[in-house]
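I have placed the structure first, in the form of structure tokens, so that the comments after it can refer back to it.
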Amino acid sequence: METKTLNERGKRVRILKRLIVGTILGFIILPTILCVILFFRFYSLQKEFRSLTDAYLAAEEDRAGLQKQIGEQTDRLTEADQCISSLQADLLAQQTEEPAEPEEAEEEQPRPRKVYLTFDDGPSGHTQKILDILDAYGVKGNFFVCATANEDYLKFYQQILDRGHMLGLHSYSHVYDEIYASDEAFREDVLAIREFVKEQTGGFEATYYRFPGGSSNLHARISLASCEEWLASQGLVYYDWNISSQDATNPMQSTEAILHNATYGSDQFEEVVVLMHDLGNKDSTVEALPQIISYYQDIGAKISVIDENSMRIQHDK
């Protein structure tokens, strides 16, 4: 009887030991398994996070590219809108004027009397062609230049002067967001292009300036009136335009369209400043130039350079 009791106790002790061992193993193995599962889950989530981050960065790059394209198109449309607004204002002013007496109209000189052909953004691969065309027709042009890193174009700054044309300042960088970021940035850009032109021409001091986008552009985050005052303090006179060829709105503008835009409505003004661009992609501008010159010569207008006697063509603010 006593032996049986001892066997039963031994059996219970073994069962208890197994339970204790099982419990201990459970506390060790289960956390280990959970840690392994959590580790693989964390690794999976981390991989998904990296994938989402890469996709987000790629989307941001695409968005930045689209914004840049939109900005460039907006710049072109802005110049076109400014020209149209200027023409509409001049047309309205002309309509409100009292008609001249018939006998006085016969004595009036042809309009326009003077024409200034202006070329922005050069020099470029088309500068030589433009200079040769102007020489062939015996007329002078006005070049509002930018800085260039192309060594083949550096000679044109001096050539423009040597051939009797007006050499004016436009911009060093021609990046609107940089130029118009602050008053200081604007002044630095003007001083940089002035110094660049002096270096290329042996010290020539430019007198005339054209705002990138015109003096009434919508890109500036600063007061253009203060910019105008500062330009005057530097001895610089700025010029806008009252006739635009609109070659900046579309690089594939046809020759016929350039000719039409560069001459239409010019009879409203006594002095005309025609906006054109000296850029490598403006083939139709170069092709239309001889016809533009012929048109103004045929109506008796004098094609000349801007000087101290020229009417200041500046956009209304």
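The values are calculated or read from the model by the stated rules, or taken from the named source; none is laboratory data. Quantities reported herein were computed from a predicted structural model and do not represent experimental measurements. As a convention, Cβ positions derive from the backbone with ideal geometry for all residues, glycine included, and neighbour counts pool all protein chains shown.
Numbers for the structure displayed
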read-out: From 283, 298, 307, 278, residue being among the acidic types (Asp, Glu) and at pLDDT below 95; value: 283
read-out: Long-range neighbours under 9 Å by Cβ, at least six apart or interchain, first residue assigned by TED's automatic domain parsing to the domain that holds residue 119 and of a type in the set (A, V, I, L, M) within the stretch 171-184, second in a loop (DSSP other than H, G, I, E, B) and surrounded by fewer than 13 Cβ atoms within 10 Å (Cβ to Cβ); value: 181/221
read-out: Any pair with Cβ under 8 angstrom, 6 or more apart, that starts in the stretch 190-204 at a residue that is surrounded by fewer than 16 Cβ atoms within 10 Å (Cβ to Cβ) and ends at one that is in a helix (DSSP H, G or I); value: 202/158
read-out: Residue among 280, 300 that alone is on the phi > 0 side of the Ramachandran plot and surrounded by fewer than 19 Cβ atoms within 10 Å (Cβ to Cβ); value: 300
read-out: Flag if residue 258 is touching a Phe, Trp or Tyr at 6+ places or on another chain (Cβ under 8 Å) and either of a type outside the set (Lys, Arg) or buried (at least 19 other Cβ atoms within 10 Å of the Cβ) (or both); value: no
read-out: Residue check for residue 245: at pLDDT 95 or above, surrounded by fewer than 16 Cβ atoms within 10 Å (Cβ to Cβ) and farther than 26 Å from residue 149 by Cβ; value: no
